[in-house]
C-alpha cells in the first residue's frame, strides 16, 4: 500500500503534464496572434498580464515575477525539459545571450517535467554549462502561462505584460538578442 502512495504523486504530475501538453489552449493561440499583430507602438492594454509565479532554482534561490517587477526588470521565462532536443539547441545560445543581458533583465528556465528533479537538472546544468538560473520540474507554472510545450520562451516587460511568446522554436543568438532588446529598450 505504501508503495502505491509513493507512486501516486509522480503519476499525478505526469497526468498534469500530459494534459497540459496535449490540450488545445486558446489562451496560447491568442498570445501568438497578439504577438504577430504587435507593432512597436502597441499599448500595454493590448498585451496580456503575465501570471505571477514563484520557483526555487537548483542553487536554492527563489525567483518570482513579483521580485523582478519590484526592481523594475523585465523577465524571460524559458520552459524546458531535460530530454528536449530543441531545448538542447537553445541552451548554449541562451547562456551566451543571457550573460550579455543579465544586468538588465531576469531570466529563469523552468522545467515542465515533474521527473526533472533537482538532481537531474543540476547534473544537466553542470554538463551543459548553463549561465542562467534553472529549476526542477514545475508543470503548474507552464499551465498558468497557458504554454503547451517545452522550448517556449516568454518575455515579460517590467510592467508585467507578456510581450512575446515563441513556441517550440530553436532561435539564434541574434534572434534572442532582438527579443531581449524588445524587453530592455
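The values are calculated or read from the model by the stated rules, or taken from the named source; none is laboratory data. Keep in mind it's a predicted model, so treat the numbers as computed, not measured. No Cβ is skipped: glycine too gets one built from the backbone with ideal geometry, and neighbour counts run over all protein chains shown.
Any residue in segment 74-96 that is crowded, with 20+ Cβ neighbours inside 10 Å, in contact with a strand residue (DSSP E or B) (Cβ under 9 Å, 6 or more places away or on another chain) and modelled with pLDDT under 95? Checking segment 74-96: not a single residue is crowded, with 20+ Cβ neighbours inside 10 Å, in contact with a strand residue (DSSP E or B) (Cβ under 9 Å, 6 or more places away or on another chain) and modelled with pLDDT under 95. Restricting the first member to segment 111-125 and to residues that are free of Cβ contacts under 8 Å to residues at least 60 places away in the same chain, and the second to residues that are part of a loop (DSSP other than H, G, I, E, B), the beta-carbon pairs closer than 6 Å and six or more apart or on different chains are 111/81; 116/82; 120/82; 124/82. Within segment 138-185, the set of residues being over 19 Å from residue 67 (Cα atoms), part of a loop (DSSP other than H, G, I, E, B) and under 12 Å from the mean Cα position of the chain (by Cα) comprises 146, 147, 148, 149, 150, 151, 167, 168. Looking for something in a helix (DSSP H, G or I) and either closer than 21 Å to residue 184 by Cβ or in contact with a helix residue (DSSP H, G or I) (Cβ under 8 Å, 6 or more places away or on another chain) (or both) - is there at least one such residue anywhere in segment 46-65? Yes, that holds for at least one residue. Taking the numbered list (1) in a loop (DSSP other than H, G, I, E, B); (2) surrounded by 20 or more Cβ atoms within 10 Å (Cβ to Cβ); (3) under 13 Å from the mean Cα position of the chain (by Cα) in turn, residue 109 passes all entries but (1).
Look at (1) surrounded by 11 or more Cβ atoms within 10 Å (Cβ to Cβ); (2) modelled with pLDDT under 95; (3) outside any helix (DSSP H, G or I) and you find that residue 39 fails only one, number (1). The single condition from (1) more than 11 Å from the chain's Cα centre (by Cα); (2) buried (at least 21 other Cβ atoms within 10 Å of the Cβ) that residue 117 fails is (2).
Residue 135 - would you say it is in contact (Cβ under 8 Å) with a residue 60 or more places away in the chain, under 15 Å from residue 56 (Cα atoms) and in a strand (DSSP E or B)? Yes; evaluated as a whole, the condition is true for this residue.
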